[in-house]
1. Pairs needed: first member in region 12-40, closer than 19 Å to ILE64 by Cα and in contact (Cβ under 8 Å) with a residue 40 or more places away in the chain; second member anywhere, among the charged types (D, E, K, R) and part of a helix (DSSP H, G or I); C-beta distance under 6 Å; at least 6 residues apart or different chains.
2. Quick one: which residue in GLY12, GLY70 is out of contact with any Lys or Arg (no Cβ under 8 Å at 6 or more places or on another chain) and at pLDDT below 95?
3. If I filter region 46-57 for residues that are assigned to a strand (DSSP E or B), of a type in the set (D, E, K, R) and touching a residue at least 24 places away in the same chain (Cβ under 8 Å), do I get at least one hit?
4. Mind listing whichever residues of region 58-69 are assigned to a strand (DSSP E or B), touching a residue at least 12 places away in the same chain (Cβ under 8 Å) and out of contact with any helix residue (DSSP H, G or I) (no Cβ under 8 Å at 6 or more places or on another chain)?
5. How many of the residues in region 70-111 are outside any strand (DSSP E or B), surrounded by 15 or more Cβ atoms within 10 Å (Cβ to Cβ) and among the hydrophobic types (A, V, I, L, M, F, W, C)?
6. Give the number of residues within region 59-69 that are closer than 17 Å to GLN29 by Cα, touching a strand residue (DSSP E or B) at 6+ places or on another chain (Cβ under 8 Å) and surrounded by fewer than 18 Cβ atoms within 10 Å (Cβ to Cβ).
Amino acid sequence: MNQAYAGGCACGAIRYEITDEPIFSNDCQCRDCQRKSGTGHGSYMTFPDRGRVKLEGDATHWDIVADSGGAKTRAFCPTCGSPVYLTFAAMPDFFTIHAASLDDPGRYKPQVVTYVVRGHAWDHLDSALPKFETMPPA
C-alpha cells in the first residue's frame, strides 16, 4: 500500500488523509488562483474519490465561478486562513488539495500548467511541462 497523502491548514484545525493516488496534478495560472495564492499560480493535486478522503475540522467555504464557467468551492481554515482544498460542482466525486497544504509538499509532482493564457512572464514554471491555454480536455 502507498503512503497516504496527509496535510491540512497552518494551525492544524483542519486535517486530511488520502490513500488514493492523485489523478491530476497541475500548476494553474488562472486569475482566481493568482489572487488566492498571492503569486502567479496555484499548485493542486486532484484525487478521484471524495468519499475516501478522511477529513477532520470545519472549513469555511466560498463558492465562485471559475474561468471555465463552472462553480467551484474553495475551502479554507476560518482560524488561520490557510487554503486547504477545493471541490467542483461539475465533478462532485473529485477532491482537490492545495499542494502547499501537504505535510510533505515535496511529494507534489506537477504534470501540466493550465490557464497559461493568464500567466505572467515573471512566473517561471517548469518549461518541460505541457502547457494548456485553459483546462485540457478530460
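1. Listed by first residue and then by second, the contacts come to GLN29/ARG118; CYS30/ARG118; ARG31/ARG118.
2. On the way: GLY12 fails: at pLDDT below 95.
Answer to the selection: GLY70.
3. Initial filter on region 46-57 (assigned to a strand (DSSP E or B)): 46-47, 54-56.
Of the ones still in play, those that are also of a type in the set (D, E, K, R) are 54, 56.
Narrowing further to those that are touching a residue at least 24 places away in the same chain (Cβ under 8 Å): 54, 56.
Checked region 46-57: at least one residue is assigned to a strand (DSSP E or B), of a type in the set (D, E, K, R) and touching a residue at least 24 places away in the same chain (Cβ under 8 Å).
4. To start, the set of residues in region 58-69 that are assigned to a strand (DSSP E or B) comprises 60-65.
Subset that is touching a residue at least 12 places away in the same chain (Cβ under 8 Å): 60-62, 64.
Once the filter is applied, which keeps residues that are assigned to a strand (DSSP E or B), touching a residue at least 12 places away in the same chain (Cβ under 8 Å) and out of contact with any helix residue (DSSP H, G or I) (no Cβ under 8 Å at 6 or more places or on another chain), region 58-69 yields THR60, HIS61, TRP62.
5. Result for region 70-111: 3.
6. Result for region 59-69: 2.
The values are calculated or read from the model by the stated rules, or taken from the named source; none is laboratory data. These numbers were taken from a predicted model, which means no experiment stands behind them. With ideal geometry, Cβ positions are generated from the backbone for all residues, glycine too; neighbour counts draw on all protein chains shown.
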